[in-house]
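Just below is one structure, and these are the notes that go with it.
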Amino acid sequence: MAAIQSAYDLRQKYTTQLGKAIAKLTDTDLRGLYSGLSQTVGATSSNLALSKTYILEAVRKLNAKNAPFEDRSFIVESYGYRDLLNTDDFVRYDAVGQAGDKNATISAKIGKLYGVDVYQTEQVYTLSSVAYAMLFHKSAFGLAVQKAMRVQAQYDVPALATELVADSLYGVAELRDDHAVCIRYGQT
């Protein structure tokens, strides 16, 4: 009985899980904007890896549309990350020219490529055995949060439990189609 009554941090545990669920839902909604992009490069078959050629063509497309160099991001999933590790420009010290980002292990940021921050997540769009990476400037997409996540609790006497509910009010939109490029490659 004393052990149950002293478990004050149980609510925090569930609140953290609720926060992660809402963050994943927000990422999923942003991910859904991939399908509306008009600029695409890369393979349509599953046997071609993410290549330097595809990445450089995506960079060229952003440059041609005058997307600013700062605040660009490159997002890949695990197969794309593996392919990047086989790209000299991503891993060789003399090509990267820096000791690395000390914060990379804390976040999803895994490095830089051509001056662009690279992130790895499994929250990217995949179709069959073709994966999609994205190179974009922050002005390409919008996330408007009208109400940040809140957690409310109510004790339910018949159940002898506290009910937790989390909610958030936000919206996502594609703002500048020419400031994002979808890169297709195979999950080989």
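Do any residues in segment 49-68 that are of a type in the set (Lys, Arg) have Cβ atoms under 9 Å from those of residues that are surrounded by fewer than 16 Cβ atoms within 10 Å (Cβ to Cβ), where the two are at least six apart or on different chains, and which pairs are they?
Lys52/Asp88; Lys52/Asp89; Lys65/Arg176
Do you know which residues across segment 11-35 are basic (Lys, Arg) and either within 17 Å of the chain's Cα centre (by Cα) or crowded, with 16+ Cβ neighbours inside 10 Å (or both)?
Kept after step one, since they are basic (Lys, Arg), are these residues of segment 11-35: 11, 13, 20, 24, 31.
Residues satisfying the conditions are Lys20, Lys24, Arg31.
Looking only at residues in segment 59-99 that are in a loop (DSSP other than H, G, I, E, B) and at pLDDT below 80, which one is surrounded by the most Cβ atoms within 10 Å (Cβ to Cβ)?
We begin by selecting, within segment 59-99, every residue in a loop (DSSP other than H, G, I, E, B); these are 65-71, 77, 86-87, 92, 97-99.
From the residues that got through so far, the ones that are at pLDDT below 80 too are 92, 97-99.
Details: Arg92: 10, Gly97: 8, Gln98: 8, Ala99: 7.
Top of the filtered list is Arg92.
Each row is one residue, and each column tells you yes or no for (1) modelled with pLDDT under 90; (2) of a type in the set (Lys, Arg); (3) over 20 Å from Leu33 (Cα atoms).
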{"position": "Glu122", "(1), (2), (3)": "yes, no, no"}
{"position": "Leu127", "(1), (2), (3)": "yes, no, no"}
{"position": "Ser139", "(1), (2), (3)": "no, no, no"}
{"position": "Ala161", "(1), (2), (3)": "yes, no, yes"}
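In the set Ser45, Ser51, Ser38, which member is modelled with pLDDT under 85 and either within 22 Å of Lys138 (Cβ to Cβ) or polar (S, T, N, Q) (or both)? I'd like the intermediate steps shown before the answer.
Values: Ser51 fails: modelled with pLDDT under 85; Ser38 fails: modelled with pLDDT under 85.
On inspection, the qualifying residue turns out to be Ser45.
Take segment 131-183 and flag every residue that is among the basic types (Lys, Arg) and closer than 16 Å to Thr15 by Cβ. So that I can check it myself, show each step before the final result.
Taking segment 131-183 as the starting set, the residues that turn out to be among the basic types (Lys, Arg) are 138, 147, 150, 176.
Answer for segment 131-183, where residues must be among the basic types (Lys, Arg) and closer than 16 Å to Thr15 by Cβ: just Arg150.
Here's the yes/no breakdown for (1) surrounded by fewer than 20 Cβ atoms within 10 Å (Cβ to Cβ); (2) in contact with a strand residue (DSSP E or B) (Cβ under 9 Å, 6 or more places away or on another chain); (3) under 21 Å from Arg176 (Cα atoms):
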| position | (1), (2), (3) |
| --- | --- |
| Leu113 | no, yes, no |
| Asp117 | yes, yes, yes |
| Glu122 | yes, no, no |
| Tyr132 | no, yes, yes |
| Leu135 | no, yes, yes |
| Ala140 | no, yes, yes |
| Leu143 | yes, yes, yes |
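Report, by residue number, each residue of segment 128-146 that is of a type outside the set (A, V, I, L, M, F, W, C) and not in a strand (DSSP E or B).
Residues of segment 128-146 of a type outside the set (A, V, I, L, M, F, W, C): 128-129, 132, 137-139, 142, 146.
Matches in segment 128-146: Ser128, Ser129, Lys138, Ser139.
Hey, can you tell me all the residues within segment 36-55 that are farther than 13 Å from Leu135 by Cα, part of a helix (DSSP H, G or I) and either hydrophobic (A, V, I, L, M, F, W, C) or within 19 Å of the chain's Cα centre (by Cα) (or both)?
Gly36
For segment 145-188, how many residues meet the condition of being out of contact with any strand residue (DSSP E or B) (no Cβ under 9 Å at 6 or more places or on another chain) and surrounded by 12 or more Cβ atoms within 10 Å (Cβ to Cβ)?
Going through segment 145-188, the residues out of contact with any strand residue (DSSP E or B) (no Cβ under 9 Å at 6 or more places or on another chain) turn out to be 157-160, 177-178, 188.
From the residues that got through so far, the ones that are surrounded by 12 or more Cβ atoms within 10 Å (Cβ to Cβ) too are 177-178, 188.
Total meeting the criteria: 3.
The values are calculated or read from the model by the stated rules, or taken from the named source; none is laboratory data. What you see is a predicted model, and the numbers here were worked out from it, not measured in a lab. Reconstructed Cβ throughout: ideal geometry from the backbone, glycine too, with neighbour counts over all protein chains shown.
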